[in-house]
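Read the structure below first, then the notes.
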Amino acid sequence: MTPPAHAAELLARGELTVRGRIREASNAALYCTVSYDGEDAACVYKPVAGERPLWDFPDGTLAQREVAAYAVSEATGWGLVPPTVLRDGPYGEGMCQLWVEVTPEAELLALVDGEEPEPGWKAIGFAEVGEGRTALLVHADDERLRRLAVLDAVINNADRKGGHLLPTGEGRLYGIDHGVTFNAENKLRTLLWGWAGEPLTQEATDVLEGLRKDLAEGGALAARLEPLITGAEIDATRARVGALLAAGTHPEPSGEWPAIPWPPV
C-alpha cells in the first residue's frame, strides 16, 4: 500500500477516474483510480448523492462519518482504517478511500461444530446453518481484531460485518465501511464480541487515555472531528472513551439493540 501520509494527499488532490461500481455495497460505491504528481492508486469513492436515507442517521452524513472513523483510527496509532478523505468527485462530494488488496487465505471467521471454540478462537454465538442445524460462529483470537473491537466501541460502530475485515499480505488488518458510526445513542453491533467483559489490554488502556486527551476541548482530535460530526456526537464519543476506561473491560451487548449485524458477512 501507498504510505498513509502520502496516500491521503494523493486521494485528496489527485484526478479521480471512475472505473466501475461495487455492486455488493448498499450505497453507491465506485471503484476508481486516482492520479497525482506521477503517482497512481486504486480507491473507493462513495458520493453523498448515492447514500440511502437511514431513519437513525441524518441524511447525507455517512461520508463524513467514514472520514471521522479514519481520524480516530489515526489518533490511536493503530492504523486500522485505510486512508480516507472527503473530497469533490465526478458525482459531487463524497468519501474517497484507498483500495486494499486482501489476502484470501487469511481466516478470521469460521463456523464450527461443538459448543466451545478451539484454542486460538473466540465464540460469537450460534447460527442456523440450514436443515435445523446450528453451528458456533467464531472469530480469531487475534490482537489486530482486538484492537479493532476497541476502535469500534469508541466510534460506536453499528455494522461490523465479516466482509468489512480486510487482512493484507503484509500482515496488516484494515476495517472498512464506517458510515453508520458515531451515533449519540448506543448502536454497537459487531461480530467481534469474543472479548466481551474481559479486561482491556494495557496497550488499549494507554491508547484510550491518549484519545481522552485528544478529544478534550481544544484537543487535536476534537478539532478534526468538529466539521465531520455533531457536537453531541463528539460528546458521546468522549463519554464512550471515559466509560471504557472506567470499566477497564471490553463492552458487552446492551440488550437494547441487536448485538450482531445481519447478514453477518
- Query: What pairs come up if the first residue lies in region 88-113 and is of a type in the set (Ser, Thr, Tyr), the second is part of a strand (DSSP E or B), and their beta carbons are under 7 Å apart, counting only those six or more places apart or on different chains?
  - Reply: Tyr91/Pro47; Thr103/Pro167
- Message: Go through region 151-204 and report how many residues are within 11 Å of the chain's Cα centre (by Cα), among the β-branched types (Val, Ile, Thr) and open to solvent by 10 Å² or more (accessible area, probe 1.4 Å).
- Response: 2
- Query: In region 222-243, which residues are of a type in the set (A, V, I, L, M) and either under 12 Å from Leu208 (Cβ atoms) or open to solvent by 40 Å² or more (accessible area, probe 1.4 Å) (or both)?
  - Reply: Ala223, Ala232, Ala239, Val241, Ala243
- Task: Would you confirm whether any residue within region 228-247 is of a type outside the set (A, V, I, L, M, F, W, C), in contact with a Gly (Cβ under 9 Å, 6 or more places away or on another chain) and farther than 22 Å from Arg144 by Cβ?
- Result: no
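Residue by residue, here is whether (1) modelled with pLDDT under 90; (2) open to solvent by 30 Å² or more (accessible area, probe 1.4 Å); (3) touching a Phe, Trp or Tyr at 6+ places or on another chain (Cβ under 9 Å); (4) closer than 30 Å to Ala232 by Cβ holds:
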{"residue": "His6", "(1), (2), (3), (4)": "yes, yes, no, no"}
{"residue": "Glu24", "(1), (2), (3), (4)": "yes, yes, no, no"}
{"residue": "Ala29", "(1), (2), (3), (4)": "no, no, yes, yes"}
{"residue": "Val48", "(1), (2), (3), (4)": "no, yes, yes, yes"}
{"residue": "Asp56", "(1), (2), (3), (4)": "yes, yes, no, yes"}
- Message: Can you go through Gly218, Gly242, Gly210 and tell me which one is over 20 Å from Asn183 (Cβ atoms) and outside any loop (DSSP other than H, G, I, E, B)?
- Response: Gly210
- Task: May I ask you to verify whether Ala28 is within 28 Å of Asp206 (Cβ to Cβ) and aliphatic (A, V, I, L, M)?
- Result: no
- Return the residue satisfying two criteria in turn: it lies in region 127-150 and is acidic (Asp, Glu) and at pLDDT below 95, and of such residues it is nearest to the chain's Cα centre (by Cα). Glu128
- Item | Within region 87-137, tally of residues that are open to solvent by less than 100 Å² (accessible area, probe 1.4 Å) and in a loop (DSSP other than H, G, I, E, B) | 11
- Tell me, yes or no, whether region 246-255 has at least one residue that is open to solvent by less than 20 Å² (accessible area, probe 1.4 Å), of a type in the set (S, T, N, Q) and out of contact with any Phe, Trp or Tyr (no Cβ under 6 Å at 6 or more places or on another chain). no
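The values are calculated or read from the model by the stated rules, or taken from the named source; none is laboratory data. Treat the numbers as computed from the prediction; the structure is a model and nothing was measured. Cβ coordinates were reconstructed from backbone atoms using ideal geometry, including for glycine residues, and neighbour counts include every protein chain displayed. Surface areas here come from the heavy atoms of the whole protein model, side chains and all, with no ligands, DNA or RNA. Shrake-Rupley method; radii C 1.70, N 1.55, O 1.52, S 1.80 Å.
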